[in-house]
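This report refers to the structure that appears directly beneath it.
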Amino acid sequence: MATRTTNPGTADPGEVATSAFANSLPGGWLAYVEKTSNQSFQDQSSGGTETDVSGLSATVTVNTNRRIRITGSATVQLDDPTGIMLAYGRIMEGASPLGHWCKVGLANASLTDDAEVKAEGSVVLTPSAGAHTYKLTMLASGGTDLIIAASATDAAWMLIEDVGPAS
Amino acid sequence: MATRTPWDPVTDDVMTETRMDTLARGWLGYVEVTANQSVVGSSTETDITSLTVTLTVQAGRKLKITGHGIFSRSVADGVTIARIKEGSTELGRFCQHCPSAATEFDCAEGSIVIAPSAGSHTYKLTMQRFSGTGNITLNAGAGSAAFILVEDVGSAS
């Protein structure tokens, strides 16, 4: 378990904002990317593989001893109204999986319209200082192709935030 | 509805203690698990082992607590609920999962925002087979951790 005690919530008059205090604060967002157009993913049964979500990749410079949070979000939709969807979306650095932003199953046998779900998830890391490239991927594995349905009013996105010092 | 206007610094502004107090302080507690946990054949609400954070909250702060986990059921005949709690008090839910087939997972993530009293607080995640039969499982691994995250998002008002 990792915990820390931040600066006291009540500062005293005349207190100086030191560099230590500044370093204890969250740095806020480091990267935000979004996509506003659909992307299809072929199911594994038809030869599909885990594929990058196009546009949802970012390279950030992480400062020394920082804790970051990476969040992915998208609407995931069955490409066949009678199919079964298993959607596995991961947050990756290169070939290394860091966590899931989406892992959902959906069977649409009783519906007549395209079944869909809003998926969102994150990971919390303490990476080494320097440049890191993170991305979102998607794998369709349920027998049915799927779509990341994205538009100007329902963007798919990835957000990378500095949430404070590593400890 | 609660709103506030953060300090908008301009050139030559002084960092006063009041302004320091308004700033978000970042994460306060984080713990993850990377192994599966199951509740077998029971509808009893169960603490998710290790997903508990004890911390000291400063006076006048607003916190955001997030739970994250991937849930599945052995029988798709009911609802799985995962909660954020302090002791026996439910603060909110981060998962409410009702699959139509046992092959369906739910990568669930949800948060609550609270302004607790100053002092020590212990927050935890729980899971429950709220209805139906069979077993429920929190699925977690090295590249797919379940976690609880507690953040200070600023002054309470």
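The values are calculated or read from the model by the stated rules, or taken from the named source; none is laboratory data. Keep in mind the model is a prediction, meaning the values are calculated, not measured. A quick note on method: Cβ atoms are made from the backbone with ideal geometry, for glycine too, and the neighbour counts reach across all protein chains shown. Please note that ligands, DNA and RNA were not included when accessible areas were found on the heavy atoms of the full protein model with its side chains. Shrake-Rupley method; radii C 1.70, N 1.55, O 1.52, S 1.80 Å.
Details
- In region B:10-46, residue nearest to residue B:77 (Cα to Cα) [restricted to those that are in a strand (DSSP E or B) and within 14 Å of chain A (Cβ to nearest Cβ)]: B:33
- Looking across region A:64-81 at every residue that is outside any strand (DSSP E or B) and more than 13 Å from every other protein chain (Cβ to nearest Cβ), the one that is nearest to residue B:151 (Cα to Cα) is identified as A:64.
- Scanning region B:77-91 turns up no residue that is of a type in the set (Ser, Thr, Tyr), within 8 Å of another protein chain (Cβ to nearest Cβ) and either within 19 Å of the chain's Cα centre (by Cα) or in a strand (DSSP E or B) (or both).
- Meets criteria (buried (at least 19 other Cβ atoms within 10 Å of the Cβ), β-branched (Val, Ile, Thr), within 9 Å of chain A (Cβ to nearest Cβ) and under 15 Å from the mean Cα position of the chain (by Cα)) for residue B:70: yes
- Qualifying residue in region B:128-135 (condition: surrounded by 18 or more Cβ atoms within 10 Å (Cβ to Cβ) and either within 13 Å of the chain's Cα centre (by Cα) or within 11 Å of chain A (Cβ to nearest Cβ) (or both)): no
- Residue B:122 vs. criteria at pLDDT 95 or above and open to solvent by 50 Å² or more (accessible area, probe 1.4 Å): yes
- Extreme residue, surrounded by the fewest Cβ atoms within 10 Å (Cβ to Cβ), among residues of region A:73-103 that are among the small types (Gly, Ala, Ser) and modelled with pLDDT under 95: A:83
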